[in-house]
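The values are calculated or read from the model by the stated rules, or taken from the named source; none is laboratory data. In this text the structure is predicted, and so the values were computed from the model without any measurement. We place every Cβ from the backbone using ideal geometry, glycine too, and count neighbours over all the protein chains shown. Accessible surface is based on the protein model in full, side chains and every heavy atom, while ligands, DNA and RNA are left aside. Shrake-Rupley method; radii C 1.70, N 1.55, O 1.52, S 1.80 Å.
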Amino acid sequence: MTMLGGCRLEACETDITTLAVDAIVNAANSSLLGGGGVDGAIHRAAGPELLRECETLGGCATGDAKRTGGYRLPAKFVIHAVGPVWHGGDRGEAEQLASCYRRSLALAHEARCTSIAFPAISCGIYRFPAEQAVRIAVRTVVDALPASSSLTQVVFACFGEPMLRLYEHELDRVACQAPPSNPI
Ligand code: AR6
């Protein structure tokens, strides 16, 4: 756990669909019409009304995000972010992934969310190397936090112990570089 200003950043090994936060982020595809992985789990848990709202959105570009209701989820909103498919790293994948995090935070801020949970976008079916993706996720969120001032809690929801360790390591690094929150 790391405190940055008034915001608590933490990594948890958990199913993101169970989290009672204001917004959970979905690792969607550009159709926004569902799929496997965390996308499938979110649609199953939210119920068919989520797909009905997604059908009205006209898809979403890679690196962008769109917000819907949470329906039967404990979360009020789902922010559907479309991460890049990994093609080796020279097709702008890192910037597109960072953009997913920035756009998701902007949409959460717009809806006055105080808490948000992210999965490891692009780290499953889209094969983005986990270590690099985690560095991008944590750094981008940290850099964007001052512009997302409604947020007091950011959760990185991970599947599996190795992924949890990567996030904890990166959060520790960020904490070491951050100025003390209560300078004397
Ligand atoms: N809670 C938290 N993390 C999860 C969950 C869950 N319930 N389920 C999976 N993960 P992926 P992508 C982790 O494949 O790589 C879909 O078909 C998983 O272990 O869900 O962005 C979409 O429709 C991994 O670390 O998303 C797209 O077509 C991370 O979430 C495509 O997959 C992301 O894995 C998107 O691929």
Task: Residue list for region 29-60, filter: open to solvent by 60 Å² or more (accessible area, probe 1.4 Å) and part of a loop (DSSP other than H, G, I, E, B) - done: 30, 33, 55, 56, 58
Open item on the list: Can you pull out every residue in region 24-65 that is within 15 Å of residue 117 (Cα to Cα) and either touching a Leu at 6+ places or on another chain (Cβ under 6 Å) or not charged (D, E, K, R) (or both)?
Closed with: 24, 25, 26, 27, 28, 38, 41, 42, 65
- [ ] Go through region 116-144 residue by residue and tally those that are polar (S, T, N, Q) and either more than 16 Å from the ligand (Cβ to nearest atom) or over 13 Å from the mean Cα position of the chain (by Cα) (or both).
- [x] 1
- [ ] With the condition kept exactly as written, say whether any residue in region 130-137 is surrounded by 19 or more Cβ atoms within 10 Å (Cβ to Cβ), out of contact with any helix residue (DSSP H, G or I) (no Cβ under 7 Å at 6 or more places or on another chain) and not basic (Lys, Arg).
- [x] no
Open item on the list: Condition first: open to solvent by 10 Å² or more (accessible area, probe 1.4 Å) and more than 9 Å from the ligand (Cβ to nearest atom). Now tell me which residues in region 75-90 satisfy that.
Closed with: 76, 77, 87, 88, 89, 90
Task: Failed item in (1) touching a helix residue (DSSP H, G or I) at 6+ places or on another chain (Cβ under 7 Å); (2) open to solvent by less than 90 Å² (accessible area, probe 1.4 Å); (3) among the hydrophobic types (A, V, I, L, M, F, W, C), with residue 125 passing the rest - done: (2)
Open item on the list: Looking at 106, 147 in this structure, which one is under 25 Å from residue 35 (Cβ atoms), more than 15 Å from the ligand (Cβ to nearest atom) and surrounded by fewer than 17 Cβ atoms within 10 Å (Cβ to Cβ)?
Closed with: 106
- [ ] Identify the residue in region 136-169 that is in contact with a His (Cβ under 9 Å, 6 or more places away or on another chain) and not in a helix (DSSP H, G or I) and, among all such residues, is farthest from residue 6 (Cα to Cα).
- [x] 148
Open item on the list: Scan region 19-40 and tell me whether some residue there is farther than 30 Å from residue 146 by Cβ and of a type in the set (A, V, I, L, M, F, W, C).
Closed with: yes
- [ ] Run residue 93 past the list (1) farther than 15 Å from residue 62 by Cβ; (2) open to solvent by less than 30 Å² (accessible area, probe 1.4 Å) and report the number of the one that doesn't hold.
- [x] (1)
